[in-house]
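All remarks here apply to the structure that follows.
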Amino acid sequence: MNVAVLLFDEVEVLDFAGPFEVFSITGKQEGLNPFEVYTVAEKSPVSARNGLSINPHYTLANCPPPDILIVPGC
């Protein structure tokens, strides 16, 4: 399943990094890879809280269709 993590300016780092990490490692101990996790944003780079610059994997225009969309902070 494709899991897209939406990034936007002033996003809280823990709000997107935590879910990204959880979905990324799910099933790994059993040798499974049930989730393809990627970040997506309207533009690149994104400026998170406190000026952390993040380069998303995709923009909204070219991202694979997500099965799950994570909107940090909601």
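Structural remarks
- Summed over region 38-70, the residues that are open to solvent by 80 Å² or more (accessible area, probe 1.4 Å) and touching a Cys at 6+ places or on another chain (Cβ under 9 Å) give a count of 1.
- Of the residues 16, 20, the single one that is more than 11 Å from residue 3 (Cβ to Cβ) and surrounded by 12 or more Cβ atoms within 10 Å (Cβ to Cβ) is 16.
- Filtered residues of region 13-61 (kept if more than 12 Å from the chain's Cα centre (by Cα), more than 16 Å from residue 72 (Cα to Cα) and acidic (Asp, Glu)): 30
Matching residues to (1) in contact (Cβ under 8 Å) with a residue 60 or more places away in the chain; (2) part of a strand (DSSP E or B):
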position	(1), (2)
19	no, no
24	no, no
32	no, no
38	no, yes
43	no, no
50	no, no
56	no, no
62	no, no
65	yes, no
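- For region 1-12, a residue qualifies if it is surrounded by 13 or more Cβ atoms within 10 Å (Cβ to Cβ), of a type in the set (A, V, I, L, M) and over 9 Å from residue 72 (Cα atoms), and the qualifying residues are 3, 4.
- The conditions of being open to solvent by less than 40 Å² (accessible area, probe 1.4 Å) and either among the small types (Gly, Ala, Ser) or assigned to a loop (DSSP other than H, G, I, E, B) (or both) are not met by residue 73.
The values are calculated or read from the model by the stated rules, or taken from the named source; none is laboratory data. Because the structure is predicted, anything quoted here is derived from the model rather than measured. Glycine gets a Cβ as well: all are built from the backbone with ideal geometry, and neighbour counts include every protein chain shown. Side chains included, ligands, DNA and RNA excluded: accessible areas come from the protein's heavy atoms. Shrake-Rupley method; radii C 1.70, N 1.55, O 1.52, S 1.80 Å.
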